[in-house]
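Colleague: Take a look at this one; I'll ask things after.
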Amino acid sequence: MLQILLAVFWLLVIPFGCGVFLTKKMPREQQSLGNIFLNGYLVMIALFQCVYLCFVLLKSNDFNLLSIVFGITVVIFALCSTWLGRDIVVPCVKCLKNKDALLLKTVFAVIVAAQLVMRLMQQIYDGDDAFYIATATASYASGTMNRIQPYTGFVIDGLDMRHALAGAPIWMAFLSKVTMIHPAIMGHSVLSLIMIVLHYLVILGSGSVLFKEKKQEKYLFASLVGFFNIYGYVSIYTAQTFFLTRTWQGKSIFANLFLPVLLLLLLRIGEIKQKEKVSNLYYIWAAIILFGAVSMTTMGVLIAPVLFMFGIAFLAIYHRNPKMFFKALFACVPVGLVGLLYFIL
């Protein structure tokens, strides 16, 4: 019972609180419970990466201290965010009573629920568990970070620069510590379910942009995406394979959450009319997404900002506004600094 209560607090309440204020600043049609949770997890991951990198730069391997510092930081942030954005909470809850397109919603819910059940029942194990789960378990059990080689269990000196700046396994270890759930269970049975739900929240958001005139069709679009995800195991390297068999791994979260939400951001900027000003909120949101993507995999240092800047370049031409490109460059500064750390360290 204690584990359930802690899981509800750290995996639902805290992310919800973190996402309230950011969601409040979005246009009215984008203010929903789903977006609050999505934005909350993006903010939470980016905030963890910021704290984690501070420990790396200070050459501290104290995982227990990191857990205390980040735990206090994220709780304070969630409280402040909830207070500042409290006006939208009740309207977002009332939106759940909307029964439009009930049949399409039901079909979509069944498809997602089937994936959640099968993900929980099958418990597929992947070779990369030897890194992600082992690294999280080593930190969880020893109270240290980046000190134990996950493949051998030997104590190492210095940093493994291929992985050290990507804090995804340490974030998983933190969630395990504060919820008292073992990292293997956290990854396979808890975090994987959350990431599936977040993925489909992004898909619904994309559908709301692509089918703006017929909003009910976004559920049909999301259902088709869900259907293709189920039957996308045509090789071990497809996005669908990563999504449903390696859901909790950083590279999978990067490919199936951060890249889609980055494309969603570009879609939302693209739907703005030519003569209208693009809000600076979108660039702040981009900075959060890009910085959070770095925590999932080292590939995020290059792939995410390049994709974002290519999209912004086309949108800047469409809007005939070169300032968009330079503002986007500022959004890439945090992820650029992480890239520099790979050369410096």
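Colleague: Residues of the stretch 290-309 being over 10 Å from Cys332 (Cα atoms) and either in contact (Cβ under 8 Å) with a residue 40 or more places away in the chain or among the small types (Gly, Ala, Ser) (or both), which ones?
Modeller: Selection gives Gly292, Ala293, Val294, Ser295, Met296, Thr297, Thr298, Met299, Gly300, Ile303, Leu307.
Colleague: Continuing with this model, one more query. Checking Lys59 against (1) over 30 Å from Ile344 (Cβ atoms); (2) surrounded by fewer than 17 Cβ atoms within 10 Å (Cβ to Cβ): exactly one of these is not met. Which one?
Modeller: Of the numbered conditions (1) over 30 Å from Ile344 (Cβ atoms); (2) surrounded by fewer than 17 Cβ atoms within 10 Å (Cβ to Cβ), the odd one out for Lys59 is (1).
Colleague: Also, I was wondering about something else. Can you name the residue in the stretch 233-259 that is surrounded by 20 or more Cβ atoms within 10 Å (Cβ to Cβ) and over 16 Å from Val294 (Cβ atoms) and, of all such residues, is nearest to the chain's Cα centre (by Cα)?
Modeller: Among them, the one singled out is Asn256.
Colleague: May I pose another question? Among the numbered criteria (1) modelled with pLDDT under 90; (2) buried (at least 22 other Cβ atoms within 10 Å of the Cβ); (3) closer than 30 Å to Leu104 by Cβ, which single criterion is violated by His199?
Modeller: Against the list (1) modelled with pLDDT under 90; (2) buried (at least 22 other Cβ atoms within 10 Å of the Cβ); (3) closer than 30 Å to Leu104 by Cβ, His199 comes up short only on (1).
Colleague: I've got another one for you. Among the residues of the stretch 12-37, write down those that are among the hydrophobic types (A, V, I, L, M, F, W, C) and crowded, with 17+ Cβ neighbours inside 10 Å.
Modeller: Ile14, Phe16, Cys18, Val20, Phe21, Leu22, Met26, Leu33, Ile36, Phe37
Colleague: Condition check: assigned to a helix (DSSP H, G or I) and not aromatic (Phe, Trp, Tyr). Does Val278 satisfy that?
Modeller: Taking the combined requirement at face value, the residue does not satisfy it.
Colleague: Does Gly85 satisfy the criteria of being small (Gly, Ala, Ser), touching a Ser or Thr at 6+ places or on another chain (Cβ under 8 Å) and over 26 Å from Ile185 (Cβ atoms)?
Modeller: It is true that Gly85 is small (Gly, Ala, Ser), touching a Ser or Thr at 6+ places or on another chain (Cβ under 8 Å) and over 26 Å from Ile185 (Cβ atoms).
Colleague: Filter the stretch 119-134 for residues that are loosely packed, with under 13 Cβ neighbours inside 10 Å and either more than 22 Å from the chain's Cα centre (by Cα) or free of Cβ contacts under 8 Å to residues at least 40 places away in the same chain (or both) and give the result.
Modeller: Listed by number, the residues that qualify are Met121, Gln122, Gly127, Ala130.
Colleague: Restricting the search to the stretch 268-283, which residues are over 18 Å from Arg320 (Cβ atoms) and surrounded by fewer than 15 Cβ atoms within 10 Å (Cβ to Cβ)?
Modeller: Matches in the stretch 268-283: Asn280, Leu281.
Colleague: Now a separate question. State yes or no: is Ser142 touching a helix residue (DSSP H, G or I) at 6+ places or on another chain (Cβ under 9 Å), surrounded by fewer than 22 Cβ atoms within 10 Å (Cβ to Cβ) and not basic (Lys, Arg)? Before you say what the answer is, go through the steps one by one.
Modeller: On the way: touching a helix residue (DSSP H, G or I) at 6+ places or on another chain (Cβ under 9 Å): yes; surrounded by fewer than 22 Cβ atoms within 10 Å (Cβ to Cβ): yes; not basic (Lys, Arg): yes.
Yes; evaluated as a whole, the condition is true for this residue.
Colleague: Output the residue which, of all residues in the stretch 57-77 that are aliphatic (A, V, I, L, M) and more than 23 Å from the chain's Cα centre (by Cα), is farthest from Tyr41 (Cα to Cα).
Modeller: Result: Leu58.
The values are calculated or read from the model by the stated rules, or taken from the named source; none is laboratory data. Being a predicted model, the structure only gives us computed values, none of them experimental. Note that we place each Cβ from the backbone using ideal geometry, even for glycine, and neighbour counts take in every protein chain shown.
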